[in-house]
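Here is the structure we will look at, set down as structure tokens.
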């Protein structure tokens, strides 16, 4: 019996090639989207699962609440926290501190960057990384031992055995020899702990005993990650409850001093963050050696898009199945007259649904392979087609096959099995209820598609505003941003002098690192945490940041190096006395006896993200030579010459250092990588949604024309024109699109308005966005509908009326 069902199903699929191709194609697109997003979501939720003790690993995090009730969450911790808590809390079995960054490794005459982690000797007891060679209890002892991954060992030593050999690593501005003591397998892609080399945490400590003691008692310097391995069957909540008490035992006096200074209503609380939840926890960012932190909302949003696209594809299946059931009404009638039950007819239609869905998986896999590189780039991950065939993924696909087959095939099977045999055999059959369901489903399709199109337009306009049209307040044209290695003061000075001699370079300016904050006192009133910049006397001029009032700072003016500052307009508006001229007003720093007199006011500019309102900033002339964030302005059309000069000079001064530079226009775009990522995702989703929705509209047009074929013949015989018949058939469908727009516009508008509120500086939701979307939707729908309606209007009426 089942053999007959499948034989009939394949015959019907083959007989209606066009509709079957549309059906399979629409489902393939929807399934491919779901497959890609399943890869992403599976990777996100499988992070850090390679550690055998992962369910017992926790990270120390803390929350500080200031006097205003503002909460600051911190994923980093201090040096003494690990041993201090581990010694006092019995639930803790072991601890491991971790800190890392890119370090320069000498290879012959060049320097290469490698990811180096500084870790405690318990690293391999806490975490599970495959050890290829070496003793895990001894590999990280001493100050100058190093463990390499297999890939890094191959890079530096080829096929030689690296154990016992020397690797030169730049530490504290000088290269030191490290002895290779072990080889491990590289961490998997879905690991928060990524490294190419491991060196002992002992390197963090000073060799001077007094300085080392200071490090071991300083609980305020939060610059590393501390992990604890809990004992088996230990309670995380019980261990967590003891943290604050232990902290006060070690640092109670300092905490009391802090309360006296800031106010008694400040508070501090420690938590133990489960290791498995760390990757998707956006409250405590994974930094200082940890990588790949993410946000669970990405998975939710992408899953939502996948579901929406799959719904659109399933709607197509339903409408095409209904359209085909009109052509098959006599077949269904004969089956019923011959003794077939309604259940058997339903099974026949469901079997076709299962076969079509199964067939759709084949081109879906091909589409996944085709677009996998693009999707990997978009998701900032590396996926391979083999990932689709992991047992867990295959199980999800099997469940997806059953779900889609039932979702898409159940309603057509129910409707078709209810056809009355007498009506179908005498040609008096008409689908009941004016196909309200089919039309409603098309409305749902276009609501989703139009909502995505509106979102796409808003995303693209906001991104263009941030990166192209907005007035940043400074120049990014003809500009290079060079990250000069920290501590190389003499070399930086020489670099500036050499660049000044080159005719392709106009000016060079520099500042210290970004996001510096401190508290200041203005008019005897302490400010909140306020941005400050240590700059050289060419930084503002190089970036073409204009003065509103006063003058720039200069090293030629001795007072500027001691007690003069600049402020931006936001500083004047929010912090200075508005009844007085800003020039001459005094700004001081608590604990610093120097008073800074305001010598000039500069225009506000967007060096921070557009999500952040321009904040008050104070600029002070750097006196320590710590301005390593360097900006080079070159003459128009001289990018190649300026870059070549810059690289040549840089390498002559620092042959082993990495030449880390960016053109400022590229740098500005990269600040909004997350927004650009979502812009691309929504754009792709909108294109797919409108494409698949048009296939659904085509199917509904087919259904309508099939039902009204004799009506069309009669109208043509009575003299109706092609234009009249085409417009008659089209207007009902255009109404569906307009109804969908009326529903989609306010919903998408509300979501986009809410999204734009994240930006302090943003575009407005102008009416043309919605009008343009409606017009585009009508044109696309009209083209789709016309393909079938014009053909029906041009058909010979004799053929359609011959049976009457």
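The values are calculated or read from the model by the stated rules, or taken from the named source; none is laboratory data. This is a predicted model, so every value here is computed, not measured. When we count neighbours, we look across all protein chains shown, and the Cβ atoms used for this are built from the backbone with ideal geometry, even at glycine.
Kindly indicate whether residue 548 is assigned to a strand (DSSP E or B), more than 22 Å from residue 623 (Cβ to Cβ) and in the same structural domain as residue 580 (by TED's automatic domain parsing). Answer is yes for this residue. Please work out if residue 240 is part of a helix (DSSP H, G or I), at pLDDT 85 or above and either under 39 Å from the mean Cα position of the chain (by Cα) or over 15 Å from residue 80 (Cβ atoms) (or both). Here the answer is yes, as residue 240 does meet what is asked. Taken over segment 577-599, the residue count meeting the criterion of being in contact with a helix residue (DSSP H, G or I) (Cβ under 9 Å, 6 or more places away or on another chain) and assigned to a strand (DSSP E or B) is 4. Residue check: is residue 195 farther than 26 Å from residue 657 by Cα and buried (at least 16 other Cβ atoms within 10 Å of the Cβ)? No, not satisfied. Reported count of residues in segment 131-167, each being in contact (Cβ under 8 Å) with a residue 60 or more places away in the chain and buried (at least 17 other Cβ atoms within 10 Å of the Cβ), is 2. Answer yes or no as to whether residue 458 is within 30 Å of residue 784 (Cα to Cα) and buried (at least 21 other Cβ atoms within 10 Å of the Cβ). Answer is yes for this residue.
From the list 488, 525, 511, 501, the lone residue that is in contact (Cβ under 8 Å) with a residue 12 or more places away in the chain and surrounded by fewer than 21 Cβ atoms within 10 Å (Cβ to Cβ) is 488.
Among the residues in segment 46-62, are any touching a strand residue (DSSP E or B) at 6+ places or on another chain (Cβ under 8 Å) and under 30 Å from residue 652 (Cα atoms)? The answer is no, given that none of the residues of segment 46-62 is touching a strand residue (DSSP E or B) at 6+ places or on another chain (Cβ under 8 Å) and under 30 Å from residue 652 (Cα atoms). Every listed requirement among (1) modelled with pLDDT under 85; (2) surrounded by fewer than 17 Cβ atoms within 10 Å (Cβ to Cβ) is met by residue 712 save one, (2). For segment 720-760, the set of residues classified as loosely packed, with under 13 Cβ neighbours inside 10 Å and closer than 13 Å to residue 781 by Cβ consists of 731, 735, listed by residue number. Being assigned to a helix (DSSP H, G or I) and surrounded by fewer than 22 Cβ atoms within 10 Å (Cβ to Cβ) is the filter here, so list the residues in segment 73-83 that pass it. Selection gives 83 alone. Across segment 216-229, not a single residue is classified as under 19 Å from residue 167 (Cα atoms) and outside any loop (DSSP other than H, G, I, E, B). Against the conditions (1) touching a helix residue (DSSP H, G or I) at 6+ places or on another chain (Cβ under 8 Å); (2) assigned to a loop (DSSP other than H, G, I, E, B); (3) at pLDDT below 90, residue 51 satisfies every one except (3). For segment 754-771, taking the residues that are outside any loop (DSSP other than H, G, I, E, B) and touching a helix residue (DSSP H, G or I) at 6+ places or on another chain (Cβ under 9 Å), the one that is farthest from residue 605 (Cα to Cα) is identified as 770. The set of residues in segment 681-690 being surrounded by fewer than 17 Cβ atoms within 10 Å (Cβ to Cβ) and either touching a helix residue (DSSP H, G or I) at 6+ places or on another chain (Cβ under 8 Å) or in the same structural domain as residue 22 (by TED's automatic domain parsing) (or both) is empty.
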